[in-house]
Each structure stands twice: as structure tokens, then as C-alpha cells.
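Novice: I have a structure here, written as C-alpha cells, and I will follow up with some questions on it.
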């Protein structure tokens, strides 16, 4: 196979971090090349350099053996490179056809919607991509939006297609469909680069794998000559601890329950439709589902951040439906929010300010209308030590901490100030392996101390490892409940795609606590 | 070669201090060009301004007189900025404070009691606060853009103020001039011997102390800082955001109202159609320049007080004191541009080709 | 009131609404690309003064209008440079622009305050259309700048919704990162429309000094720039709704003016308040409506864009 792309000595520095430290990479024509590494290893940065989004501080790029000057996305498009980002680059109010032809000069001036849609439809068919050119983006499922993204690149004549974590938002079944499409494209002569941190996926799809760690390319191997264990070692730099020790636990009293809950999304559309569940103390209940199926809204309704249009939320038997966030917090509810920097912290303020976010108004940290700053300092210092938050000082702005340390700060604060119930939303998203292990350990510790935990996550492995039972949410409805056992993954996958499963009502006590 | 901006991990302290200074100097230079173009020697104009503002004991005391309302208004605008609220309505709140205090003074023309001044202070605080609460309420409860509402209310407040002066409160002995009757002396703020510097200066310093303490050591102050940095996090932490917005607008408006009281009770001693050369607007620049720090606000207010007083001396050259507004606008432009230098570093890059 | 007075008031409403209309259209262009420009008041003042100065020197109102358009656009370029290239805070930069425009127009305009000019835009009967009963009298006995505004509305609407440049312009305001990734020059488009927005604001200002009251007065824009900014929200960034809003305000203005002329018992101070109070009421209403119907502002409004920065 011919060498299609060659990147030499790519060096890219961001303020405070070196994202790419002299990376060499070669990609062959017609192959599926996986770029494997942990979050923050520099995979996305490297591909953004290739796609003209970042300009490198040093290094050269050769396409088809010739030196290519890629200084903007426009240059990249001209060189036949397209990229499908993890967060889709789509203009949400626009139609599929408008998105696909955005930035092109054909037609130059007048937009004839029908003609445009017909043209886009024809091209989509020729690549075997099924999508309605007339539909607006916000009407499409995530999987369909991804197809629009792929079509966008192909429509521009891309020969090299980069996909950044393409399976993160898909159901297991959608993943399979995507893989079929990608293999067809490779067979048709396209060159594909898949960015991923999931070993199984990379093993199943790719021809060759390049592993990155801390901004460097560690190795490139043929997929058929390697195995997940070797890849894991290359990725992390040590043996990974896959096993998590989960003790059996006998659930206690019901702490959280909600019945026939309804709520609207930000757009005013139904986001939760008639869902009911209860969580008891000493139990972790997982909520599985593809992002955007009502998970965020569920967490917000329970914590008082979003109104329920009907239904009831009970915490310890007390009705807290549509109470203010303050009232819910006072009931002993902790919340690890999805968006660490947008919701969980005020990133410009210091560690101290962020650790006191929930305790500042209770004894002994308040002093009438004043703050008892001495006490608060003591408390914060204790938490930093206890939870091993690595920060230069209590006065360091939170934005300078790593993602893992920010999450530890939030966990420390929430664990220190709550008593009964914890709502944890994507608690390990974007964290490296070490930090993920710490967070998992902390959650299990809380469980054994008697907490009731509602764990919302997209990561099936995480859900299976931590939960006692798992409910699957799809378009705001629960599709069914299964015990957290590895052999349920197929059932969960079907339910994530909207196929109603047989609810396997677990026994009332002592279930699903296998290690 | 091309220049581009790169974000600094932490903003540069040295530049943070230097940029405001450079902004003022550069603004004066550009102002000089405008003066020169209008046919006046800029050097002489600036010298006149400087002497008029800082060149004598009298000049300094007059500058101090203008500094008082500037401090109060800027503190008010600054506390709102801290909560990421834009109170562009300090001018109107100042007028409403003056209206309330003036109403009390006119109601007690013979008033000699110790209670009169405190009552006027209270009235001005309430008057300004209530006026500030209108945009505050609309923002807190209905999420209406407070920039536009607070600004439009300035026009309404000034028309309201003028209605009373041209109408019910017009001095019957004033030969038809649009003035109210002079206040009784009991309604005058005491002044520093031989100058027009009045007790309002003490109010201003106390207000700065109050805000400093509020932000640093109180629960409400902490809530204001969190809401200003990340309202989403404040909501998540169970803070009462609408309540805090109302409180901030009340404080902000009250301080501007107090500034209005200082002007009519300490300087003018009656009500007249115009009592402010745009203190409320200048306050926006001062608050921005002082980076919402109460102590810096005092220092910067003095500088801008000097600019206002100096502006009056320009009339001797037949120049409009609109030059002051030009300089203010320029300073703000340059400050904004300069801020970039503190947050980003300029880097040169050789283009690959 | 007699029929004639109603017609005259309506015609006056069009006239009073036209400067606000131009400014609102200008602001819509800028905001559609994500640039909030609170400097309308300043750009209108500069437009009013430049137009007046050039017209009084050349005796050609068209030359005056041209100068006003250019000066408004140039002033907007300061805002563009600060907010697009230097990524400065858009609110503060707009406020600075207003102050600067107020100061500069006051400073340079001092010599011509109250000076009358002989040639300005006078109303004339539009051929044929002025014969239509009612409509002719209200809409087609106006000056040339009003007629141009009639043309501008459908042109802008067509441009924004039906053409490729319009598609790109809206994409930049909705999702600059995507527009950039698709090879559209985000900065270029933002500069262009901020400039055009300034041009229209300058034109709106010139309407005041060359048609509405052909004279220069300090601060003669009197808050119309701010009213226009509020109207953009009312219009939900749509040219036709901007027309509706502006004429509504023209009507408030015309009615209060008429009431003053008739010596109504209400003091003029209160009548003068009505446009400002009405704007606030309309803004409250518009805010609730846009929230209820999810008619958001351009998603990237007020946010700087830099390719290599993750937000």
C-alpha cells in the first residue's frame, strides 16, 4: 500500500502544556488507522493539525509524498482531508443540505433549496449514506448527525477521513452499522483515521494502530499482530488494573424515589416521559443510555435545577418535587454534575472558594451574615489532604488544575457535605485511568457507608462495574431494568436503541453485587 | 512573518498595572491630534486642563468635589460588574436620589434638626435603590436585558426630575428660571473649611469600606462573587440568584442616589435641570479601569474628577468640553485593546513556505 | 381628530420611524454574525454630524448621506478591530464607541449648532403610487431616504435567507467553529457586516439631520440608538419585523409630538418619556415571547472566536 499521509516532527504547544512533542506518523492509502491513547495523550491535537484547525509550532506534513502546506481548514479540504469531530460541527437550525454545502461556492449566490437537496441526496446515495437532505439537524438522532458529518467530508471530495471518538455517542448496534460503513469506505479507496481510547473497538475495526502517550507516539503495530493487553500497556505505560473490588451489599431503606416524572428540555420538548424508579441506601443504580435521551434532565429535576411538569420526587419519604436547589441540598442530596467547569465549579475562583460552595451557609462555617473564614480554611485544607487533590495552594484558581483534580475537588466537597443521596453524572468522563480508578473507589466507599447513589453514565463498562442494577433510558423513557452483569450487554444495547426489553425485576434484596 | 495572539496561562501582573497607564497616555496623545486639527495648540490646552484640575489648592479641592459623586457611582457600577450585571443607569439613579433628597429638603425649608441630613441620606439611598430595582427586577424575574433598560431609564429619570423643577417645585421667586427654591441651611452638607469639599467624601470612603468588607467577609458577598464568575454554579449550589440580583441593583442604585444627594445638598443647594455632567457614564469607565476594586476606584475617580474639572478650562480656548467625553471613550478603547496584552502574549511566527 | 390629522400622524410616524429602522437593520446585520455593537448611538451621532457638515459645505444632501455612511462604517471598524481581532469585551467596547461618538460629534459640531441648511431631503409624491388613497398619502408622500428604506427591507431579507452569502453570515453567528471548519472566514464576515451595520447606523443618523429636522443639535439622536438595540430583540433579528417595530415607535413619537402641539393637558415631560417607557415595555414583552417560542438570539452573539481556543 502506498503511503498517503506522512507527518514529521509535529510539535504543538498550548499555554502550559505540550500537546504534541515531535510526533511522526505515517498513514497508508486505503487503510483504517487507529490512533489510540488516553484522554489528553494528544491524539485529537495531532489530527486537528492535519485538518488545518491548529497550526503546529514545528513539523511538516506530506500528502502523497509531496509537502503540503495546511494552514487552515480550507487548505485541508483542498488537500482532500476531512474530519468528523467528537462534538459535531453542524449548524443546528440549518437543514442537512445546507450543512453539507456550507462554505462551498456552488451555487455561488442564489439558493434553490429543492435543487440543492436533490443534489445532496444523489451524492449521499452514491456513497450509501442514508439521510434526509431536507431534515433540520435538530430533528436528527445523534447517529444520523454523524452520517451528515461524514457526508459533508465526502461531498467535498475528501480522500482522507478522520473520525474523533466516533462511537462515543452511539448504541452498540449503531456502532456495528458505522463499522460496516467505514469498512466499505476503506474498500472504496478512502483512507480512514479513527481516534479512540477503547481497546476492543480498535481491535475490531482497524488495520494498524498507533499508540500515543503524553504527546508522543509510542508505537505503531499491525492490528493482527497485537492484543488488548499489549495495547493497554503501551497506552498507560504500566499494567492496567481492570478489576475493581465491589463488595456484596444488602440495600437498606428507600432513599430516593420518583414516580411518573415528566419534564421538558431546554427547547421546550418533552425530555422525560413518565419515568419511575427508586434507589435504596447501600445501593448504586446505574442509568444507561445514549447521550441526550433525558439523562441530564433527570439529574436536574431531582436536584431542583429543572421543574418537573408532573410526577413526584421523594427523598427519604419527603416530597421535594419542584423544590428549590437549596431545599434539595438541605435534604442531604449531593450532585456531581455533568459539566465540571460549567456547573460544578467557578474555574476562575480559587480552590478554597470552590470547596466552600455548599457549606458556606451552614454552621460552623457561617457566623451570622458573615463567613467564618478560619474554619473554612481548616475544612478546605483537610479535604485537600484527605482526597489527595494536588494543588499548589488553596489560593490556586481551579482552572489551573487538571480534570482529574477538579473532579476530586467536586467529589470531596459533595461527599463532605451530603449525607443520604448522591446523583453522579458522567463522573469519570475525560479522566485518565488513574483518576478514574480513584473516583470509582470513592463511589464504592460511599456505597458501603450507606449512601444511595444514582449513577448516570454512557460508559457501559463503568456502569457494569459499579452498579447493582441498571435502568436504560431512551427518549425520556425507561426501557427496562437489568442486573449489572456482563452478559446483559446485548440486552442493554437493544434497549439503548429503543427496543423494549423484558424487565427483569431483581429480587428485593442482595442482588447484583458480583465483583 | 505574521503576528498572532497566544493565551497566557496566567495574566501578566506587570502588564496589568502598566496597561491602564499606557491607555491614558495614548488617549491623551490621540486627543492632542484632535485638538491640533481643530486649530488649537494641544500642549497649551492640556497644560490649561492640568493646571485647572491639579495646579492649585483651589483646583485640587474642585477636583475633589467632582471625585465624590464619581466614587459613589463607580462603586455602584463596580459591585454590579462583580456580579456580571451591567448597571448603565447610574446617571438616572443619581437624579432619582437627588430628587428624593431634594423633596425632603424642600419640604422642610426651615428644617434645622439634626435629623434632616440623615433623612435626606436615607431618602436618596431609597430613591436611587428603587430606580435601580426596576432594571434589577426585570432582569431577575423576567430576564430582560438590563443594559438597555437601565440606560433608557436614565432618560426617563431626567425628564421626571425636570418636570418637578419646571413645574410644581419651581421657585416662585426665581424670575421664571427653572430652579427650585434654595434649600434651608439645615439641608446643606457641612464642607471642609474654605473649600466646597463636603461630607459626601466621608460617605464615599465609608461606602468603599463597606463594599470591601461585603465582598470579602460576608456570605452575600461570596454569593455575588460566585454569581459573577459562574451563575450556573451558583444555581447548582442552591444560591438565590434573583434575590442577589435585586440586592446588587439596590446597592448599586442606592450608592448612585447618594451621589445625587451629595451634589444637591453639598454643592448646588437646590435643584436645577442638570446636576451631573455624566457622572453615571464616567463611572462605567472608572469601574472598568479600577477592575472593580473599591480602593483603586477612589484613586481612579480622583483622576477622572481632574479630567472633568480640567475640561471646563477648555472653554477658555473656545473648545467644547466634549473633549472630555472623547478622551474617556479613547481611554476605554485603549484599555480594552491593552487588556489583550495582559491575557495574551504577542508571538511572531515565520510562515512556512 | 379628523381624518387628515390621522393621515398626517401616520405619515409622520413613518418619518420618525425611519432613522430607527436604518439603525435597527444595521444592528441586525452585525448581530447576525455574532457581533453585539452597543455603539449605535455614537455611530448615529457621527453620521448625523458628518452628513450635516458635508451637506452644508457641498449643498448636496446625497454627498452628505454618502459621507455619513462612510463615517458610521469607519467608526464601527474600531469596534470590529477591538472585538474581532483583539477579542475584547463587546459590551464595553460598544459603550466606549457611544461615548467617543457623543464626544467627537459634540466637539466637532459645536460650530454648526442651529445653523440652517438650504438643501436637504424634502418629501415628494412618488409617481403613481402616491395616488392610491390612504396608502399613497401615508407611505408615498415621503422623502427619498424613506423610499430607499422600503427597498432595503426586502433586499436584506432576501440576502439573509435566500442567498449563499446570507447562509454563511448566519452560520458565523450561530456556530463560528463550524463555519471556520468549513473554510468560511469568520473574521472576514464579521468585519464586513459590522462595517455595513455601522454604515446603516450612520445613514440613520443622517436621516435625522438631513431630513427629519434639517439642523444639527448636540445629542440630537436622543436615545434612538438604544431604542434600536431593543428593537432588534423585538424583531427577533428579522428585517420585516424590524420595520414593524420601528414604525410602531415612530407612531409613539408622532402621537406624543402631535399631543404636545395640540397642547394636551399632560406635561410635555411625560409625553417625552413615552418612547423610552414604551421601549422598555416592548423589550419585556419581546423577551418573554422569544423565551416562550425559543426564538433565540444568534447562538454565538457576543462571544469572541479564536480557532485554537477551546471554550
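Any read-out appearing in this document is the output of simple, stated calculations on the displayed coordinates, not a laboratory observation. These numbers were taken from a predicted model, which means no experiment stands behind them. Don't worry about glycine lacking a Cβ; one is built from the backbone with ideal geometry, like all the others, and counts go over all protein chains shown.
Novice: In a solvent-free Debye calculation with one equal scatterer on each Cα, what is log10 I(q)/I(0) for the protein assembly as shown at q = 0.06, 0.09 Å⁻¹, listed in the order of the q values?
Specialist: The calculated log intensity ratios at q = 0.06, 0.09 Å⁻¹ are -0.57, -1.23.
Novice: Could you please state, rounded to a whole Å, how far the C-alpha centre of the range B:176-219 is from the C-alpha centre of the range C:213-251?
Specialist: Centre-to-centre distance over Cα atoms comes out at 38 Å.
Novice: Find, to one decimal place in angstroms, the Kirkwood hydrodynamic radius of chain C, where the mean of 1/r is taken over every pair of different Cα atoms and then inverted.
Specialist: Details: mean 1/r = 0.0505 Å⁻¹.
Evaluated over chain C, this radius sits at 19.8 Å.
Novice: Can you tell me which of C:40, C:145, C:301 moves the most in a GNM of chain C? Springs connect C-alpha atoms under 10 Å apart.
Specialist: Looking only at C:40, C:145, C:301, the largest GNM fluctuation is found for C:301.
Novice: So what's the range B:214-303 giving for Rg/Rh, alpha carbon basis, Kirkwood Rh from the mean inverse pair distance?
Specialist: Expressed as Rg/Rh, it is 1.06.
Novice: Cα-Cα pairs above 15 Å in the range C:248-310: how many percent? Working shown, then result.
Specialist: Details: 1305 of 1953 pairs.
So the portion of pairs separated by more than 15 Å is 67 percent.
Novice: Let me ask something else about it. Reported to two decimal places, what Rg/Rh ratio describes the range C:173-244 when computed on Cα atoms with Rh from the Kirkwood expression? Provide the component values of the computation, followed by the final result.
Specialist: Values: Rg = 16.1 Å, Rh = 14.5 Å.
Using only Cα positions, Rg/Rh for the range C:173-244 is 1.10.
Novice: Would you work out if the range A:355-455 is rounded, prolate or oblate? Take a ≥ b ≥ c from the square roots of the eigenvalues of the alpha-carbon gyration tensor; rounded if a/c is under 1.5, else prolate when a/b is larger than b/c, oblate otherwise.
Specialist: Oblate.
Novice: Also, quick follow-up: Would the range A:1-74 count as rounded, prolate or oblate if I go by the C-alpha gyration tensor, calling it rounded below 1.5 in a/c and otherwise prolate when a/b exceeds b/c, oblate otherwise?
Specialist: Values: a/c = 1.96, a/b = 1.34, b/c = 1.46.
Here the range A:1-74 falls in the oblate category.
Novice: Can you tell me the order of A:274-282, A:291-299, B:31-39 when each peptide is scored by its average per-residue count of other Cβ atoms within 10 angstrom, highest first? Don't skip to the answer; put the middle values down first.
Specialist: Working: A:274-282: 18.3, A:291-299: 21.4, B:31-39: 15.6.
Answer by packing, highest mean first, reads A:291-299, A:274-282, B:31-39.
Novice: Among A:387, C:134, A:478, rank each residue by its count of other Cβ atoms within 10 Å, from fewest to most, as a rough exposure measure. Could the numbers behind the result be given before it?
Specialist: Values: A:387 18, C:134 11, A:478 22.
Lowest count first: C:134, A:387, A:478.
Novice: Placing one identical point scatterer on every Cα of the range A:403-449 and ignoring solvent, what is log10 I(q)/I(0) from the Debye formula at q = 0.16, 0.26, 0.28, 0.29 Å⁻¹?
Specialist: Ignoring solvent entirely, the Cα scatterers give -0.39, -1.03, -1.17, -1.24.
Novice: Could you tell me how far the Cα centroid of the range C:96-168 sits from the Cα centroid of the range B:32-79, in Å?
Specialist: 39 Å
Novice: How big is the Kirkwood radius of the range A:172-280, worked out from every pair of different alpha carbons and given in Å to one decimal? Let's see the in-between values first.
Specialist: On the way: mean 1/r = 0.0537 Å⁻¹.
Hydrodynamic radius (Kirkwood, Cα pairs) of the range A:172-280 is 18.6 Å.
Novice: Would you mind giving the three semi-axes, in whole Å and largest first, of the ellipsoid equivalent to chain A according to its Cα gyration tensor?
Specialist: Values: eigenvalues 336, 153, 109 Å².
For chain A, the ellipsoid semi-axes come out as 41, 28, 23 Å.
Novice: Another one. When every alpha-carbon pair in the range B:157-311 is counted, what percent end up more than 29 Å apart?
Specialist: Numbers: 3904 of 11935 pairs.
Counting pairs separated by more than 29 Å, the tail of P(r) holds 33 percent.
Novice: Nearest 10 degrees is fine. How inclined is helix C:61-80 to the longest principal axis of chain C, computing both from alpha carbons?
Specialist: It is inclined by approximately 30 degrees.
Novice: Turning to a different aspect of this structure: So, in Å, what gap is there between the alpha-carbon centers of the range A:73-92 and the range B:230-279?
Specialist: If we compute the Cα centre of each part, the gap is 49 Å.
Novice: Where does each of C:168, A:134 land when they are ranked from fewest to most other beta-carbon atoms within 10 angstrom? Before the final figure, lay out each step's value.
Specialist: Details: C:168 20, A:134 16.
Ordered by Cβ neighbours within 10 Å, fewest first: A:134, C:168.
Novice: Please work out the Cα convex hull volume for the range B:77-165 and give it in Å³ per residue.
Specialist: Details: hull volume 7.9 nm³, N = 89.
Convex hull volume per residue, Cα atoms: 89 Å³.
Novice: Right, something else. On a 0 to 90 degree scale, rounded to 10, what angle separates helix C:144-162 from the longest Cα axis of chain C?
Specialist: Taking the Cα atoms of chain C, the angle to C:144-162 is about 30 degrees.
Novice: Could you check which residue among C:140, C:240, C:124 shows the biggest mean-square fluctuation in a GNM of chain C with a 10 Å Cα cutoff?
Specialist: C:124
Novice: Something else about it: If you fit an axis through the alpha-carbon atoms of helix C:3-32 and take the longest principal axis of the Cα set of chain C, what angle between them do you get, 0 to 90°, nearest 10?
Specialist: So the inclination is approximately 20 degrees.
Novice: What's the average, rounded to a whole number, of partner chain beta-carbon atoms within 10 Å of each residue's beta-carbon in B:226-232?
Specialist: Mean partner-chain Cβ count within 10 Å for B:226-232: 6.
Novice: In a GNM of chain B with a 10 Å cut-off on Cα contacts, which of B:310, B:103, B:167 has the highest mean-square fluctuation?
Specialist: B:167
Novice: Of A:360, C:22, how do they rank once you tally other Cβ atoms within 10 Å and put the fewest first? Before the final figure, lay out the partial values.
Specialist: Numbers: A:360 20, C:22 32.
Placing the least packed residue first, the sequence is A:360, C:22.
Novice: If we restrict to alpha carbons, what Rg and Dmax does the range B:95-223 come to, in Å?
Specialist: So, for the range B:95-223, Rg and Dmax equal 17.7, 54 Å respectively.
Novice: If you count, for every residue in C:269-280, the Cβ atoms of partner chains within 10 Å of its Cβ, what is the mean?
Specialist: Values: counts 11, 4, 1, 6, 9, 1, 3, 9, 5, 1, 4, 10.
Counting other chains' Cβ atoms within 10 Å and averaging over C:269-280 gives 5.
Novice: Any chance you could list P(r) for the range C:1-46, counting all Cα-Cα pairs in 5 angstrom bins from zero, rounded to whole %?
Specialist: For the range C:1-46, the binned pair fractions read 5, 19, 20, 16, 12, 10, 9, 7, 3, 0 percent.
Novice: Please say if chain B is rounded, prolate or oblate, where rounded means a/c under 1.5 for a ≥ b ≥ c the square roots of the C-alpha gyration tensor eigenvalues, and otherwise the choice is prolate for a/b larger than b/c and oblate otherwise? Working shown, then result.
Specialist: Numbers: a/c = 2.04, a/b = 1.25, b/c = 1.63.
It comes out oblate by the Cα gyration axes.
Novice: I'd like the mean, over residues of A:159-172, of how many other protein chain beta carbons sit within 10 Å of each residue's own Cβ.
Specialist: Values: counts 0, 0, 0, 0, 0, 0, 0, 0, 0, 0, 0, 0, 0, 0.
The shielding value for this peptide is 0.
Novice: When only alpha-carbon atoms count, how far does the range C:57-181 stretch along each of its three principal axes, as whole angstroms with the largest first?
Specialist: 53, 44, 23
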